[in-house]
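Single-structure report; data block below.
Every read-out reported here was derived from the displayed coordinates using simple, explicitly stated rules and does not represent laboratory data. These numbers were taken from a predicted model, which means no experiment stands behind them. Heads up, the Cβs are rebuilt from the backbone with ideal geometry, glycines too, and the neighbour counts pull from every protein chain shown.
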Amino acid sequence: MTKRATMLLCALALLAYPALASAQMDPQDRRLFQHISDQVERYTQLTVFDSVSASVEGGRVVLSGWVTMPYKRDDIERRVRRVDGVTAVENGIGVLPVSQFDDELRFRIARAIYSNSSFWHYASMANPPIHIIVNRGRVTLEGVVNNNVERMLARSLATGFGALDVTSLLRTDAEVRELLSTS
């Protein structure tokens, strides 16, 4: 991996493969990676309806993704700024618009996915790996699942609730391992 270390926060990839990812990073970026991911993982306000990503290069952190409330964006930035070794933070995290329709869609899809017996093992996790981002009626599934069957099943379960569009950006464990090993 080059000096630029990219990580998906609040996804199973961080929880399952931190050693693999950090083994290929510059030592200082590796330390920042671990501390930033710890700070975000400990932030109890993040839910399956939020998705945060970050890139780190030489102490400079760029945050991106979506959260459901403005205070979450600000809290995450504050947490990342406090990490020793961070020299600058660019906060590109967007706040999803307030919408009763979007809220109902989020809950229906989450219930459909996490109540399915194929995903019970994820539902019992402190940070379930499938994130459901709903923006103006458009649904995006993000995170990591065990295999392609789970990826297709999650997308299938997310349709049929009146969403304008359903996009799956879910990755399998194997894809994440390959991505981390080639970066």
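Please work out the Cα convex hull volume for the stretch 83-183 and give it in Å³ per residue.
For the stretch 83-183, the hull spanned by Cα atoms encloses 144 Å³ per residue.
With a point put 7 Å past each Cα toward its Cβ, work out how far N116 is from V86 in nm, to one decimal.
The answer from the label model is 3.5 nm.
How far apart, in nm, are two points set 7 Å out from the Cα along the Cα-to-Cβ line at R42 and at R177?
3.1 nm
Quick check on packing: order 77-84, 50-57 by the mean number of other C-beta atoms within 10 Å, highest mean leading.
Going by the mean number of other Cβ atoms within 10 Å, highest first, we get 50-57, 77-84.
Measure off 7 Å from each Cα along the Cα-to-Cβ vector at Q28 and S55, then give the distance between these two points in nanometres to one decimal.
Once both label points are built, they end up 1.9 nm from each other.
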